[in-house]
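Accompanying notes for the structure given below.
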Amino acid sequence: MPFVNVKITRDGATAEQKAALIKGVTQLLADTPGKHPATTVVVIEEADTDNWGIGGESVTARRKAGK
């Protein structure tokens, strides 16, 4: 049973986009290593941009700086 944990920032992914992501990841696992979709688990975790850091600064700060 594959278990996929997708982590994204909480800043606007719609329910439809998340559903498409779950469907796409499940299909990729079915197509590539041949895993059965009915036993594939996909979890999406969302983090506030203040709690996600890249290169020593938060995503919030990076976006404000135009990075």
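The values are calculated or read from the model by the stated rules, or taken from the named source; none is laboratory data. Since we're looking at a predicted model, the values are computed, not measured. With ideal geometry, Cβ positions are generated from the backbone for all residues, glycine too; neighbour counts draw on all protein chains shown. Quick note on the areas: whole protein, heavy atoms, side chains included, nothing else; ligands and nucleic acids left out. Shrake-Rupley method; radii C 1.70, N 1.55, O 1.52, S 1.80 Å.
Among ILE44, ILE22, which is modelled with pLDDT of 95 or more and under 30 Å from ALA65 (Cβ atoms)?
Only one candidate passes the filter, namely ILE44.
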* Asked: Is there any pair linking a residue in the stretch 39-61 that is free of Cβ contacts under 8 Å to residues at least 24 places away in the same chain to one that is assigned to a helix (DSSP H, G or I) and open to solvent by less than 50 Å² (accessible area, probe 1.4 Å), with Cβ under 7 Å and at least six apart or on different chains, and which?
  -> ASP50/THR60; SER58/THR49; THR60/THR49
* Asked: Has the stretch 33-53 got any residue that is surrounded by 11 or more Cβ atoms within 10 Å (Cβ to Cβ), of a type in the set (A, V, I, L, M) and out of contact with any strand residue (DSSP E or B) (no Cβ under 7 Å at 6 or more places or on another chain)?
  -> no
* Inspect the stretch 24-31 for any residue being closer than 16 Å to LYS7 by Cα, surrounded by 13 or more Cβ atoms within 10 Å (Cβ to Cβ), more than 14 Å from the chain's Cα centre (by Cα) and β-branched (Val, Ile, Thr) and give the result as yes or no. => no
* Structure fact -> ALA30 fails exactly one of (1) modelled with pLDDT of 95 or more; (2) on the phi > 0 side of the Ramachandran plot, namely (2)
* Asked: What pairs can you find where one residue is in the stretch 1-30 and without any contact (Cβ under 8 Å) to a residue 40 or more places away in the chain, the other is open to solvent by 60 Å² or more (accessible area, probe 1.4 Å) and part of a helix (DSSP H, G or I), and their Cβ atoms are less than 6 Å apart, with a gap of 6+ or different chains?
  -> THR26/PRO37; ALA30/PRO37
